[in-house]
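The numbers here are math on the coordinates, done by the rules we state, and not lab data. Because the structure is predicted, anything quoted here is derived from the model rather than measured. No Cβ is skipped: glycine too gets one built from the backbone with ideal geometry, and neighbour counts run over all protein chains shown.
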């Protein structure tokens, strides 16, 4: 039987050690997490993160257990910590993701593609009535409207790991779909910006999230989105940021092939591409309605072999296989949503009516996923040893040749004495062994010097002959 308290303590202290490596104290200060007295923001954040990771469904259940005695915080202080309107949770998530992305990027080779991924999911609050900012949201998965919010997320991926970068809550823009309004907030507070984002358009929020991520040093080359985000305005805005877009295209959109002036349906474009491109994945370059050049790649749907899906990429230099391989990473954000909802408490851990508390709990769920991914890459992924190998090689390169030779001579000088201790050589034979070793070493060095001298002389003769032949 597993002791829940012992496993909880291990999880708590592992989070504490991770935070020390990340420099969490200074990171919290930069994001406005300050307190005059009482428990430190670091301990409060660790307590809030530890609930689900330690096996408890929420903060109340954790503080009802004996594990809470080992914490240096109280339940009410954690509640006040999550409710504080001055704390900038978005910036905290960005700073932490920038640290993790920098570590993961150091493990990849040059020329490796890093990508941003944008998607949204519905967070239902079916029993809520007085939750601040609550709206009726249409859920496309079940085909009906539900009470809750839309969580618009931006993530980063190198093809192996997915790192959450930012979260934005989106509500209904029409007044008739709003169940509860927002309480008035001071413009100087951090919560004011998050509340103002509730009624903005999702493409605008996605572009703002991309700008903030790039400003924080999180770099990528492509943005992966689904068909809902595809538009000429969005593509042009992303291109201004120096990024390319790869996305799925809706079946009712038409494109104009190069050299023609009339738009064609995707079924006709597929036939045209199949005639000109004989590969398994036909592709062609066309223009959108707004005149933007895109590369269209046609693939067969797994669920229906007679259905053709169209992928569009603004990066025309990529091959069809590269576009498909890069777009397959978009599934990582779906796995992220599934893991956060099922295991990390997204949308179910907090039942608070306060908007700031609900948003902070969503950010904490993303932090949990990020810490788990960071821990996995550090401990289980063999690629993390590559940085240690590079550091060792760089250190070895910095050792001068004279010091290396001196170390080798000291080792050879101690070898006869070690052979005498092991009983392999008699004491009176120790000096003979030493002379033999140094004679062999001198012969080797002489041979190396002779080889280099002959090589240089032959190289000079070859150059002279080459110069004579030119004349």
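Restricting things to alpha carbons, tell me how big the chain is in terms of Rg and Dmax, in Å.
For the chain, the Cα radius of gyration and maximum Cα-Cα distance read 31.1, 103 Å.
On a C-alpha basis, how far is the centre of the stretch 162-221 from the centre of the stretch 39-107 in Å? Whole number, if you could?
21
Given points 7 Å out from each Cα along the Cα-Cβ axis, report the residue 335 to residue 74 separation in nanometres with one decimal.
Label-label distance for residue 335 and residue 74, simple model: 4.3 nm.
Provide, in order from the shortest bin, the percent of all Cα-Cα pairs of the stretch 19-64 in each 10 Å bin, continuing until the bin that contains the maximum pair distance.
25, 45, 29, 1
Modelled label-to-label distance, residue 428 and residue 65, 7 Å Cα→beta-carbon offset: nm?
Those two pseudo-labels are separated by 7.6 nm.
Looking at the stretch 110-241, I'd like the Rg to Rh ratio, where Rg is from alpha-carbon atoms and Rh is Kirkwood's inverse mean 1/r. Let's see the in-between values first.
Values: Rg = 16.3 Å, Rh = 16.2 Å.
Rounded to two decimals, Rg over Rh is 1.00.
Starting from 0.36 nm per residue, how many nanometres of slack lie between residue 86 and residue 221 once their C-alpha separation is accounted for? Working shown, then result.
Numbers: separation 135, 0.36 × 135 = 48.60 nm, distance 3.37 nm.
Separation in residues times 0.36 nm, less the Cα-Cα distance, equals 45.2 nm.
Starting from the Cα gyration tensor of the stretch 259-361, take the square roots of the eigenvalues, sort them a ≥ b ≥ c, and report rounded, prolate or oblate (rounded when a/c is under 1.5, otherwise prolate if a/b is larger than b/c, else oblate). Provide the component values of the computation, followed by the final result.
Details: a/c = 3.17, a/b = 2.36, b/c = 1.35.
Cα axes put the stretch 259-361 in the prolate bin.
Could I get the Rg over Rh figure for the stretch 4-83? Both from C-alpha atoms, Rh via Kirkwood, rounded to two places. Write out the running numbers ahead of the final one.
On the way: Rg = 12.3 Å, Rh = 12.9 Å.
Over the Cα atoms of the stretch 4-83, Rg/Rh equals 0.95.
If Rh is defined by the Kirkwood formula over all Cα pairs and Rg also comes from Cα, what ratio Rg/Rh do you get for the stretch 191-330?
Values: Rg = 16.4 Å, Rh = 16.2 Å.
Reported Rg/Rh, Kirkwood definition of Rh: 1.01.
Under a no-solvent Debye model with one identical scatterer per Cα of the stretch 170-267, what's log10 I(q)/I(0) at q = 0.25 Å⁻¹?
One equal scatterer on each Cα of the stretch 170-267 leads to -1.29.
Nearest 0.05, what FRET efficiency do residue 308 and residue 421 give at R0 = 60 Å with Cβ-Cβ as r?
Values: r = 78 Å, r/R0 = 1.29.
Computed FRET efficiency for residue 308 and residue 421: 0.20.
Report the FRET efficiency, 1/(1 + (r/R0)^6), for residue 233 and residue 265, where r is their Cβ-Cβ distance and R0 is 30 Å, rounded to 0.05. Provide the component values of the computation, followed by the final result.
Details: r = 22 Å, r/R0 = 0.75.
My answer for the efficiency is 0.85.
Hey, fewest Cβ within 10 Å first, where do 85, 151, 120, 435 land in order?
Fewest-to-most ranking of 85, 151, 120, 435: 435, 85, 120, 151.
For the chain, take the longest principal axis of its alpha carbons; what is the angle in degrees between that and the long axis of helix 385-398, to the nearest 10 within 0 to 90?
For 385-398 against the chain, the angle is about 40 degrees.
How far, in degrees from 0 to 90, does helix 4-22 lean away from the longest principal axis of the Cα atoms of the chain, to the nearest 10?
70
Quick one: 333, 179, fewest Cβ neighbours within 10 Å first, how do they rank?
Values: 333 22, 179 17.
Fewest-to-most ranking of 333, 179: 179, 333.
Rounded, prolate or oblate: which fits the stretch 39-145, taking a ≥ b ≥ c as square roots of the Cα gyration tensor eigenvalues, rounded meaning a/c under 1.5, else prolate when a/b beats b/c? Provide the component values of the computation, followed by the final result.
Details: a/c = 2.05, a/b = 1.11, b/c = 1.85.
In terms of gyration-tensor shape, oblate.
How much length would be gained if the chain were fully extended between residue 14 and residue 258, taking 0.36 nm per residue of separation minus their Cα-Cα distance, in nm to one decimal? Show your work: numbers first, answer last.
Details: separation 244, 0.36 × 244 = 87.84 nm, distance 5.68 nm.
In short, 82.2 nm is gained.
For a footprinting-style exposure proxy, rank 113, 138 by other Cβ within 10 Å, fewest first.
138, 113
Taking the 0 to 90 degree range and rounding to the nearest ten, how far is the long axis of helix 202-215 tilted relative to the main principal axis of the chain, both from C-alpha atoms?
30
With viscosity set to 1.306 mPa s and temperature to 10 °C, compute the Stokes-Einstein D of the stretch 58-105, Rh being the Kirkwood radius across alpha carbon pairs; µm²/s, no decimals.
Values: Rh = 13.1 Å.
Rounded to a whole number, D works out at 121 µm²/s.
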